[in-house]
Amino acid sequence: MVRHTGKQVFQVIEELISAAIEQQLAARFSLTMRVSLEQPKQSSFGELAVPVAFQLARQLKRPPRQIAEELTAKLSAVPGVASFEIAGNGYINIRLDRGSYAESLLRPPASAASEAGEKIVVEHTNINPNKAAHIGHLRNAILGDTFVQMLRKRGRNVEVQNYIDNTGVQVADVVVGFHYLEKKTLLDVQALIADPSVRFDYLCWDLYARISAYYKENAEAIRWRADTLHAIESGQSEIAELAHAVSDAIVLAHVATMYRLGIKYDVLPRESEILHLNFWATAFELLKERGAIYFEERGKNAGCWVMPSSAFRESGGAATEADSEEDSKVIVRSNGTVTYVGKDIAYQLWKFGLLGRDFHYRPLLAYPDGHQVWVTTEDESAPDTRRFGRAGKVFNVIDSRQSYLQDVVVAGLRALGFEEQAQSSVHFSYEMVALSPRTCIEMGIELSKEDRRRPYVEVSGRKGLGVKADDLIDKLIETALAEVEDRHPDDSPDVRREVAGQIAVGALRYFMLKFTRNSVIAFDFHEALSFEGETGPYVQYATVRAGNIIRKFVDRGGHLPDFEAVLTADVLARCFGNDDLWQLLLLASKADSAIERAVASGEPAHVAKYAFQLAQAFNNFYHGTSVITEDVEERRNVLLWLTGYVRSQLLGTLKVLGIEQPLYM
RNA sequence: GGGGGCGUAGCUCAGUUGGAUAGAGCAUCAGCCUUCUAAGCUGAGGGUCACAGGUUCGAUCCCUGUCGCCCCUACCA
């Protein structure tokens, strides 16, 4: 049996093989190098392959095949490996000992206590609290949340933050809309928020589009925005209270929307506290003191505090040119107010525990499972003494369009001398969600000739152009429910609704995850509402089927054996001599390494892809092999165990993707 | 102009560190429900991996150039 230490069985064998071949390299060629393994394209070549002979062919000036032969000639036996074979021009193909591999999956050792290590902060969602969330925000939150689940599954200590920009221009615009356009008082707005028949976040969606259009027609109205922004920043006026009422209500709406998808947060740091608890003032002093920013006396940025472009531009070869000041980034405006980037530098410093200041916190709400979300407050009497932040590594899940600003934030850290933290600041970027021209037409959006020819049309909150998150979720549930009702006309409506909800979430989360991060999603209703092919429901369906086999077996009077007792190494070796069964087991056993690889590459899409492939392999097995009616007891036991194993691996992977298994489908 | 991303089947996309015959889904066509649920399975057709060089035993992948598309390049975020 293979020995291992809480790592994946497969990974342990890989390491043993590498070590054995490295030893031969040292003995025969006096070479020390890392030997890497790869997966052969065809399963008939075996489970692993070593291409090292090719790499050495040039160096040793000998044919690769000869090198491979020499390396394997006196190779000592590696536990868990059945054979080494030379193939093609010089591949060393490796076949595993199937019986021993299966046995170590059946009887997993107690896994070593995993050390949690440094804290990782993942910041995601970050929606401006001035309107309902749209599909672009969904991509952000789903990517961020899935990445968090991936990290946690692999034993990391993660804290989820959702930054609330409640003092920015976007909130100010909606406040302008209420105050100047609609002539509404604080009381009026509070009444709207309290009115259960009003979707306040939807109302703000429309109002935001309206005021944005109004600015275009009435340029002088921009002054209202400046006045409002100023009032919000200084606090303590009816305008400031109105802004808080709006943003607090919208934040709750966003948190509720995301919770429909199973997305939860630990803490919501608010920009108003960044300002009022002097986070910014502290960071400002630091930036000035260490010369990271300077006061511009001339040019278009005269009167501003700016960061020179040389700080955040990679190869500023022409940095000595006079025009470089044109590219400087304004941190403090000439009217004395701070830009978003400035506040973000203060926030980033706090995340690493570098600011020497902290927020106060109050409980915002508790999820049904008891998990508490905290929000920052300036109220010193707040009871909480929790400590958020103080991270060793920070992932900011932010749209790739903001990479320039993220570079400035990191440059700020670097300029302050925090090189290590600068390197531990990751902009977890992703491309935007746009609308396919077809979907625009379906939604009755007028397209210009130009837009019609484009592959996609950009979403715009200012124009009110986009698909609201809750509308999409509702539509998905409705579509799923129709299907569920059709299939299970006699079941209780409550259960059907729950099942439809789980399918809808499965479809949506998978859809947002199946694309790699730097691929623009041209959102299309037809594709998003599909439950067939490479979709979440496909994976859910395979999982439900696996559960059905075991349930039906028991229902029909079958007795599930004690697999560990019944399935001897002998039995396993015999049954997994069948290639199809073996390939399924092998694939299912790689769930954790697939997740770890996805963590390393920062690509949640890889987990989604793996889940689909495993579901596909299982559906294939399901079609070709009858488990319950298998007459030979020994084989039936193996099939039952395999079914249960695949199911648990699918469930574990779906959980990471934030997708639940419905009761039935 | 500068920075970044992209270009793979009719469409939407994967493609692990460069490695064996470039893969899925959708769409199209042909089959499979008296079976552990057909939201499924099997099969077929469909490719100059944008183009041209270079490095290499070997390039969809690395380098250079060209063409095309997108994003950023605000005292908005």
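Bear in mind these aren't lab numbers, they're just calculated from the coordinates by the rules spelled out. For clarity, every value in this text was computed on a predicted model and none was experimentally measured. Here the Cβ positions follow ideal geometry from the backbone for every residue, glycine too, while neighbour counts run over all protein chains shown.
What to note about this one:
- Reachable lysines, given that their alpha-carbon falls under 27 Å from the alpha-carbon of A:K300 and they are not under 8 places away in the same chain: A:K216, A:K288, A:K329, A:K343
- Folded to 0 to 90 degrees: helix A:340-351 orientation relative to chain A principal axis, Cα: 50
- Simple rule: put +1 on each Lys or Arg Cβ and -1 on each Asp or Glu Cβ in region A:69-213, find the dipole, and look at A:N166, A:V148, A:P129; the Cα lying farthest toward the positive end is A:V148.
- A Förster distance of 51 Å, applied to the separation of the beta-carbon atoms of A:Q190 and A:R107, puts the FRET efficiency at 0.25.
- Trypsin sites (Lys or Arg not before Pro) lying in DSSP loop within region A:393-498, provided at most 13 other Cβ fall within 10 Å: A:K463
- Cα-based helix-to-principal-axis angle, A:9-29 vs chain A, degrees rounded to 10: 70
- Applying both filters, DSSP loop and at most 10 other Cβ atoms within 10 Å, to the GluC sites (Glu not before Pro) of region A:415-502 gives A:E446.
- R0 of 30 Å, Cβ-Cβ distance A:A73-A:D579: FRET efficiency to nearest 0.05: 0.60
- For A:D206, A:D358, order by how many other beta-carbon atoms lie within 10 Å, fewest first: A:D206, A:D358
- Angle of helix A:222-234 to the longest C-alpha principal axis of chain A, folded into 0 to 90 degrees and rounded to 10: 80°.
- Length gained on full extension, A:E478 to A:K183: 102.4 nm, using 0.36 nm per residue less the C-alpha separation.
- Cα shape, region A:394-433, gyration tensor, a/c 1.5 rule: oblate
- Rounded to 5, the percent of DSSP beta bridges in chain A classed as antiparallel: 55
- C-alpha center-to-center spacing [region A:167-246, region A:42-56] in angstrom: 64
- For region A:197-348, size of Cβ-based charge dipole, Lys and Arg +1, Asp and Glu -1, in debye: 340
- A cut-off under 13 angstrom between Cβ atoms defines the neighbours of A:L25, and their net charge, with Lys, Arg +1 and Asp, Glu -1, is +1.
- Potential lengthening between A:E450 and A:H488 on full extension [0.36 nm per residue; Cα-Cα distance subtracted]: 9.0 nm
- Test item: Cα-centred dipole of region A:530-656, Lys/Arg +1 and Asp/Glu -1 on Cβ, debye: 300
- Taking chain A and dividing mean pair separation by its residue count, relative contact order in percent (alpha carbons under 8 Å, at least six apart): 14
- Sparsely packed loop sites in region A:556-665 (the GluC sites (Glu not before Pro) outside DSSP H, G, I, E and B with at most 16 other Cβ atoms within 10 Å) comprise A:E630.
- A:S519 versus A:L60: modelled label distance in nm, points set 7 Å from Cα along the beta carbon direction: 4.0
- Potential extension, A:D471-A:F29 segment - 0.36 nm per residue separation minus Cα distance: 152.6 nm
- Model label points for A:E241 and A:Y367, set 7 angstrom from Cα along the Cα-to-Cβ axis, are 3.5 nm apart.
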